[in-house]
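Participant: Here it is: the structure, laid out below.
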Amino acid sequence: MNQIKALNEVKVSLNFGRRNNHQDDHQDNSDEIITVGRLARRDQTIYFEYDSAFIAMGLEISPLQLALEPGLRRFDPHLFEGLPGVFNDSLPDGWGRLLFDRWARSQGFEPSQLSPLHRLSFVGHHGMGALVYEPDNNDVEVTETIYLDELAAQAQQVLDGESSDVLEQLIALNGSSAGARPKALIGVNQNLDHMIHRNTHHLPDDYTGWLVKFPNTQDGIDAGAVEYVYALMAKEAGIEMPAVHLFPTQRGPGFFASQCFDRERHQRYHMHTACGLLHSDFRTPALDYEDLLALTGMLTRDVRQVERMYQLAVFNVLAHNRDDHSKNFSFLMDRAGNWRLAPAYDLTFSFGPSGEQSTMVMGEGRNPSMSQLLKLGQQAQITSTRMHEIIEQTQYSLSKWSTLAQAHGVSKQTIARVQEKLDY
């Protein structure tokens, strides 16, 4: 990884991967990279300008806050450090930011010396989604075998403030993933029994990208098992989920992992959170599911996608997942500019700010009721029959909590604590 130096301009591109999804000696297997525009920093202010050729393509990467228009743009310096939301989505927060700040100090720099452009350059070509940044100062490019228990121990050393010699590898493995819990982006083979470093432009054909989470200092030892069971219940409730797995560990029931949905073999999708789309800062929750349903309809033009968002609202409320902030909802755009709701992620038993739902339901955050869920569905023009089907299917899936939790190693204390909230 290069030393930190002055950086006043970053080129932004979209890398949709290969048009051909299969390797063939007679076809072009190079990535399709399209220049989007440039970010520049002058006198502590960040500016963005679209490339004229990209405007002509008509691809709206952020239609609400960064419309396809010529000329320089600048944004609120107090939100996302002056970045447009779509590029702020590329930056890690929580664990990833902690890693990078620790690394900067180990190199003799204060984190305050790092501008958002520095951070984007260290994401480079290795972030989630299709956006890539140049110069790419993330030069860790290896394919060695990964051992999850070792990574978990290294992550704990960083949380304890002890280790600096593993920072670069952990930064590379984090990519641009968000959230407070330590995590790693890795390549996993088809049998789910061998893992390699994922920070390569192309994984071998028999490997796919996975995101593995490790406990933080506030988590119980069974946190991974809880999230795994929640993923199983969400699938049972009819919610689109990525493939999930509970990888064995020497300590506890296992590490929760989900297959990355921003990649499909050698193709990549542009990924945009509700936080970035709406410029709704997840740290100061003010979002309502009514807003998310409207956003889904506007972006996708598909009533089936709106229904999927409603299913997610019902599950989060009934399953007591109150950490449902604006970064925990994402949308995917393909190379043709078509949008869809991304598979659900970060579904687990949790408490939001002051114990409230981070995303309100028809204005109610503390105790959203069935009545408010029904009003929400009516607002989205979902039929009464379909709303009740969704609610009943969700309730049935949650009734399996205790059985599934016992089967996957969740402690008796955790099972009882969660069940108490599910029984309301």
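Participant: Would you check which residues across the range 376-389 are crowded, with 19+ Cβ neighbours inside 10 Å and not hydrophobic (A, V, I, L, M, F, W, C) and list them?
Facilitator: Within the range 376-389, Gly377 is the sole residue that qualifies.
Participant: Kindly evaluate Val229 against the criterion of being open to solvent by 10 Å² or more (accessible area, probe 1.4 Å), in contact (Cβ under 8 Å) with a residue 60 or more places away in the chain and more than 17 Å from the chain's Cα centre (by Cα).
Facilitator: So Val229 does not fit the description; no.
Participant: Next question. Give all pairs with beta carbons closer than 8 Å in which a residue from the range 291-308 that is closer than 18 Å to Met333 by Cβ meets a residue that is charged (D, E, K, R) and not in a helix (DSSP H, G or I); count only pairs at least 6 apart in sequence or on separate chains.
Facilitator: Taking only residues 6 or more apart or on different chains, the pairs are Thr300/Arg340; Asp302/Arg340; Gln305/Arg340; Arg308/Glu240.
Participant: Go through the range 172-216 and report how many residues are modelled with pLDDT under 80, open to solvent by 10 Å² or more (accessible area, probe 1.4 Å) and touching a Lys or Arg at 6+ places or on another chain (Cβ under 7 Å).
Facilitator: Total satisfying the criteria: 1.
Participant: Test Tyr310 against the criterion of being under 22 Å from the mean Cα position of the chain (by Cα) and open to solvent by less than 10 Å² (accessible area, probe 1.4 Å), and give yes or no. I'd like the intermediate steps shown before the answer.
Facilitator: Numbers: under 22 Å from the mean Cα position of the chain (by Cα): yes; open to solvent by less than 10 Å² (accessible area, probe 1.4 Å): yes.
Yes.
Participant: Further, regarding this structure: So for the range 206-221 (the condition being outside any strand (DSSP E or B) and hydroxyl-bearing (Ser, Thr, Tyr)), does at least one residue qualify?
Facilitator: As a first pass, look at the range 206-221 and keep what is outside any strand (DSSP E or B): 206, 214-221.
Filter once more, keeping what is hydroxyl-bearing (Ser, Thr, Tyr): 217.
Taking every residue of the range 206-221 in turn, at least one turns out to be outside any strand (DSSP E or B) and hydroxyl-bearing (Ser, Thr, Tyr).
Participant: Identify, from the list Glu110, Glu150, Glu134, Glu81, the residue that is without any contact (Cβ under 8 Å) to a residue 24 or more places away in the chain and either open to solvent by less than 10 Å² (accessible area, probe 1.4 Å) or farther than 27 Å from His194 by Cα (or both).
Facilitator: Step by step, each of Glu110, Glu150, Glu134, Glu81 is checked, and only Glu110 is without any contact (Cβ under 8 Å) to a residue 24 or more places away in the chain and either open to solvent by less than 10 Å² (accessible area, probe 1.4 Å) or farther than 27 Å from His194 by Cα (or both).
Participant: Among all residue pairs at least 6 apart or on different chains, which show Cβ distances below 9 Å where the first residue, located in the range 48-63, is under 19 Å from His279 (Cβ atoms) and hydroxyl-bearing (Ser, Thr, Tyr) and the second is open to solvent by 40 Å² or more (accessible area, probe 1.4 Å) and assigned to a strand (DSSP E or B)?
Facilitator: Short answer, once both residue conditions are applied: Tyr50/Arg38; Tyr50/Arg73.
Participant: Which one is surrounded by the fewest Cβ atoms within 10 Å (Cβ to Cβ), of the residues in the range 15-31 that are more than 17 Å from Pro135 (Cβ to Cβ) and at pLDDT 85 or above? Quick ask: steps written out before the conclusion?
Facilitator: Initial filter on the range 15-31 (more than 17 Å from Pro135 (Cβ to Cβ)): 16-31.
Next cut, at pLDDT 85 or above only: 16-17.
Details: Phe16: 20, Gly17: 22.
That would be Phe16.
Participant: If we keep just the residues of the range 313-344 that are more than 17 Å from the chain's Cα centre (by Cα) and of a type in the set (Gly, Ala, Ser), which is most open to solvent (accessible area, probe 1.4 Å)?
Facilitator: Step by step, filter the range 313-344, then rank; the result is Ala336.
Participant: Being in contact (Cβ under 8 Å) with a residue 12 or more places away in the chain, under 16 Å from Leu287 (Cα atoms), crowded, with 18+ Cβ neighbours inside 10 Å and aliphatic (A, V, I, L, M) is true for just one of Leu373, Leu347, Leu404, Leu398. Which residue is that? Steps first, answer last, please.
Facilitator: Working: Leu347 fails: under 16 Å from Leu287 (Cα atoms); Leu404 fails: under 16 Å from Leu287 (Cα atoms); Leu398 fails: under 16 Å from Leu287 (Cα atoms).
Step by step, each of Leu373, Leu347, Leu404, Leu398 is checked, and only Leu373 is in contact (Cβ under 8 Å) with a residue 12 or more places away in the chain, under 16 Å from Leu287 (Cα atoms), crowded, with 18+ Cβ neighbours inside 10 Å and aliphatic (A, V, I, L, M).
Results for (1) among the hydroxyl-bearing types (Ser, Thr, Tyr); (2) free of Cβ contacts under 8 Å to residues at least 60 places away in the same chain; (3) assigned to a strand (DSSP E or B); (4) closer than 30 Å to Glu150 by Cα, shown as yes or no for each residue.
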{"position": "Met241", "(1), (2), (3), (4)": "no, no, no, yes"}
{"position": "His245", "(1), (2), (3), (4)": "no, yes, yes, yes"}
{"position": "His272", "(1), (2), (3), (4)": "no, no, yes, no"}
{"position": "Asp324", "(1), (2), (3), (4)": "no, yes, no, no"}
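The values are calculated or read from the model by the stated rules, or taken from the named source; none is laboratory data. Computed from a predicted model, the values in this text were never measured in an experiment. A quick note on method: Cβ atoms are made from the backbone with ideal geometry, for glycine too, and the neighbour counts reach across all protein chains shown. For accessibility, only protein heavy atoms count, side chains too; no ligands or nucleic acids. Shrake-Rupley method; radii C 1.70, N 1.55, O 1.52, S 1.80 Å.
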